[in-house]
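Participant: First the structure, then my questions, so here it is.
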Amino acid sequence: MQFAQFGAGCFWGVELAFQRVEGVVRTEVGYSQGHLHNPTYEDVCSGKTGHAEVVRLQFDPAVCPYESLLAVFWSRHNPTTLNRQGND
């Protein structure tokens, strides 16, 4: 098994998309970067902590190569639209 982490705005929809991929065996949501230790969801959504919402995946690369995960990521995220989903 291998791990990957993606940040694509609000993590709930992104997590669901990855959960539906064959070969993904576990997902976890959380926060990356930022300056507040152990922020709450409300803290992060305030836009004042500097955190990004992320999804961490455990996957079987024999069933789901990393390139397939990237395809899911890019189908859910457009980096040219700054703050499209608000503070997430």
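The values are calculated or read from the model by the stated rules, or taken from the named source; none is laboratory data. Bear in mind that the values here come from a model prediction, so they are computed numbers and not experimental data. Here the Cβ is made from the backbone with ideal geometry for all residues, glycine too, and neighbour counts use every protein chain on show. Accessible surface areas use protein heavy atoms only, side chains included; no ligands, DNA or RNA. Shrake-Rupley method; radii C 1.70, N 1.55, O 1.52, S 1.80 Å.
Participant: Quick check: is even one residue across segment 52-70 over 24 Å from Q19 (Cα atoms), β-branched (V, I, T) and touching a residue at least 12 places away in the same chain (Cβ under 8 Å)?
Facilitator: Restricting attention to segment 52-70, the residues satisfying the condition of being over 24 Å from Q19 (Cα atoms) are none.
Taking every residue of segment 52-70 in turn, none turns out to be over 24 Å from Q19 (Cα atoms), β-branched (V, I, T) and touching a residue at least 12 places away in the same chain (Cβ under 8 Å).
Participant: On to the next question. Keeping to segment 45-60, report how many residues are among the acidic types (D, E) and not in a strand (DSSP E or B).
Facilitator: Here the count works out to 1.
Participant: Given E22, E42, E15, which one is of a type in the set (D, E, K, R) and assigned to a loop (DSSP other than H, G, I, E, B)?
Facilitator: Answer to the selection: E22.
Participant: Follow-up question, since we're still on this one. Here is a check on your reading of the model: is V63 among the β-branched types (V, I, T), outside any strand (DSSP E or B) and modelled with pLDDT under 90?
Facilitator: Taking the combined requirement at face value, the residue does not satisfy it.
Participant: What is the residue count in segment 30-56 for residues that are of a type in the set (D, E) and under 18 Å from F6 (Cα atoms)?
Facilitator: Selection size over segment 30-56: 1.
Participant: Pairs, please: C-beta under 6 Å, at least 6 apart or cross-chain, first residue more than 10 Å from V55 (Cα to Cα) and in segment 2-28, second of a type in the set (K, R)?
Facilitator: A17/R76
Participant: Can you tell me which residue within segment 1-16, out of those that are open to solvent by less than 20 Å² (accessible area, probe 1.4 Å) and either closer than 15 Å to F59 by Cβ or among the hydroxyl-bearing types (S, T, Y) (or both), is nearest to the chain's Cα centre (by Cα)?
Facilitator: This residue is F6.
Participant: Among the residues of segment 42-56, is there at least one that is exposed (fewer than 12 other Cβ atoms within 10 Å of the Cβ), modelled with pLDDT under 95 and out of contact with any helix residue (DSSP H, G or I) (no Cβ under 6 Å at 6 or more places or on another chain)?
Facilitator: yes
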